[in-house]
Amino acid sequence: QLQASGGGLVQAGGSLRLSCAASGRTLGIYHMGWFRQAPGKEREFVAAIDWSGRRTYYLDSVKGRFTISRDGAKNRLYLQMNSLKLEDTAVYYCAADQPPYGSNPDVPAEYNYWGQGTLVTVSS
């Protein structure tokens, strides 16, 4: 089971760090991703990281502002979000892709496990 946390209310230009923890499983073998869903919109890919942490992928609109990382010792996934914009407002979900891995880290269907989501609200 995945548990996302760290969301909250922040002013535009501010920062938040989301965290995803796993209970009952080790995240080290999984490709991991962050997705988000704004009201009335479909779930959208935000960022992904492979099992080794060497390869990362980002939605174009968050490149240079968001950083995905993982800590094997703490069994956690992170999303550091800087320079937040109003359009970043959404519920953010972490997800895990187990072996055999999918080849499209930006596709929700590639992921086997999902967290419950944490709400990020960016205000003006």
Checklist line | Distant-in-sequence amide H partners of Thr89 (H built 1.01 Å from N, under 5 Å) | finding: Val122
Check: Roughly how many debye, to the nearest 20, is the charge dipole of the chain about its Cα centre, given +1 on each Lys and Arg Cβ, -1 on each Asp and Glu Cβ, and no other charges?
Finding: 340 debye
Next item on the list: Would you tell me the accessible area of Tyr113, worked out with a 1.4 angstrom probe on the heavy atoms of the protein chains, in Å² to the nearest 10?
Entry: 70 Å²
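Sorting Ile29, Ile68 by accessible area (1.4 Å probe), largest first, what list results?
Final ranking, largest accessible area leading: Ile29, Ile68.
Multiply the residue gap between Asn104 and Ala12 by 0.36 nm, knock off their C-alpha separation, and tell me the result in nm, one decimal place.
30.0 nm
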Item checked: Ser23 versus Lys74: modelled label distance in nm, points set 7 Å from Cα along the beta carbon direction -> 1.9 nm
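Leaving out ligands and nucleic acids, note down the accessible area per residue over the chain with a 1.4 angstrom probe, in whole Å².
52 Å²
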Margin query: Not counting ligands, DNA or RNA, and with a 1.4 Å probe, what is Arg76's accessible surface area in Å² rounded to the nearest 10?
Written below: 80 Å²
Margin query: Under the 0.36 nm per residue contour assumption, what length would be gained going from the current alpha-carbon distance of Lys63 and Gln37 to full extension?
Written below: 7.6 nm
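The values are calculated or read from the model by the stated rules, or taken from the named source; none is laboratory data. Nothing here was measured: the structure is a model prediction, and the numbers come from that model. We place every Cβ from the backbone using ideal geometry, glycine too, and count neighbours over all the protein chains shown. Ligands, DNA and RNA are stripped out before the accessible areas are found, and what is left, the full protein with its side chains, is counted by its heavy atoms. Shrake-Rupley method; radii C 1.70, N 1.55, O 1.52, S 1.80 Å.
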